[in-house]
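The values are calculated or read from the model by the stated rules, or taken from the named source; none is laboratory data. Since this is a predicted model, take the numbers as computed values, not measurements. In this analysis, Cβ positions are derived from the backbone assuming ideal geometry, glycine residues included, and neighbour counts consider all displayed protein chains.
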Amino acid sequence: MADFRTDDRFGGAQTVLIVSNEDTTDISFDLSWESTAWLEVDAPPTVLAPGESTSIPVSFMPREVTTYKAELLFEVNGLSRIPVTVSGEGTKLRLELSNPAHAHLNFGQLRLGQEVSEAPGRSCAVFDPSSSAARHRLEAHASCAFRGRTPRGC
């Protein structure tokens with residue numbers, strides 16, 4: 001079973017499924033699966049010699065805040081089917097200030113191009129209390145803080 005938990009705003013999660021031939025003769029396998037908007041599996045028909053292995057990339061890209069589940073059926077040597085269950089959960093992004101008093105930061109007056117280094121009262125800490133780890137990137141734009149007003153789109 002492959003299990004994913006990811007934030008749906010950051011492109012999803014990836015894993016690799018390893019298929020190995022532990023038999024004494026060649027085996028072939030084929031996956032009868034069409035990729036969906038939320039699950040991509042790159043598994044072309046393959047023949048493995050004894051002792052060989054191959055990697056199958058599996059990408060989970062949730063589109064909604066919900067639980068997902070699918071069963072992949074691998075046909076081995078045209079005779080038997082081996083199910084592999086793939087599940088995942090799309091979660092909401094939750095990024096919060098560690099200290100709510102830092103909702104407004106004052107960096108003082110600066111000349112164009114001048115930078116402010118980190119100093120007490122000029123930084124804030126954030127955390128993600130959601131049920132899944134997600135990558136976050138915060139960017140500040142000078143155009144978003146003009147004379148105490150917030151322009152549209154900031």
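Out of the residues in segment 48-71 meeting the condition of being aliphatic (A, V, I, L, M) and surrounded by 12 or more Cβ atoms within 10 Å (Cβ to Cβ), tell me which one is farthest from Arg94 (Cα to Cα).
This residue is Leu48.
Please work out which one of (1) over 23 Å from Arg94 (Cα atoms); (2) surrounded by 13 or more Cβ atoms within 10 Å (Cβ to Cβ) is the condition Pro45 fails and give its number.
Result: Pro45 passes all but (2).
Going through segment 59-89 one residue at a time, which ones are within 18 Å of Pro45 (Cα to Cα) and of a type in the set (Val, Ile, Thr)?
Result: Val76, Ile82, Val84.
Of the conditions (1) loosely packed, with under 12 Cβ neighbours inside 10 Å; (2) assigned to a strand (DSSP E or B), Val86 fails just one. Which one is it?
Evaluating Val86 over (1) loosely packed, with under 12 Cβ neighbours inside 10 Å; (2) assigned to a strand (DSSP E or B) leaves (1) as the failure.
Could you give me the residue pairs with C-beta distances under 8 Å whose first residue belongs to segment 32-45 and is among the charged types (D, E, K, R), whose second residue is surrounded by fewer than 17 Cβ atoms within 10 Å (Cβ to Cβ) and not in a loop (DSSP other than H, G, I, E, B) wherever it lies, and which are 6+ apart or on separate chains?
Going by the 8 Å Cβ cut-off, the qualifying pairs are Glu40/Pro57; Glu40/Ser59; Asp42/Pro57.
Identify the residue in segment 80-117 that is out of contact with any strand residue (DSSP E or B) (no Cβ under 8 Å at 6 or more places or on another chain) and either small (Gly, Ala, Ser) or closer than 21 Å to Ile56 by Cα (or both) and, among all such residues, is modelled with the highest pLDDT.
Looking at the filtered set, the residue picked out is Ser80.
Tell me, please, whether a residue that is under 14 Å from Leu17 (Cα atoms) and of a type in the set (Ser, Thr, Tyr) can be found in segment 61-77.
The answer is no; no qualifying residue exists.
Residues of segment 10-27 being part of a strand (DSSP E or B), more than 16 Å from Leu72 (Cβ to Cβ) and of a type outside the set (A, V, I, L, M, F, W, C), which ones?
The answer is Ser20, and nothing else.
Taking the options Pro120, Pro129, Pro44, Pro62, name whichever one is at pLDDT 90 or above and part of a loop (DSSP other than H, G, I, E, B).
Pro44
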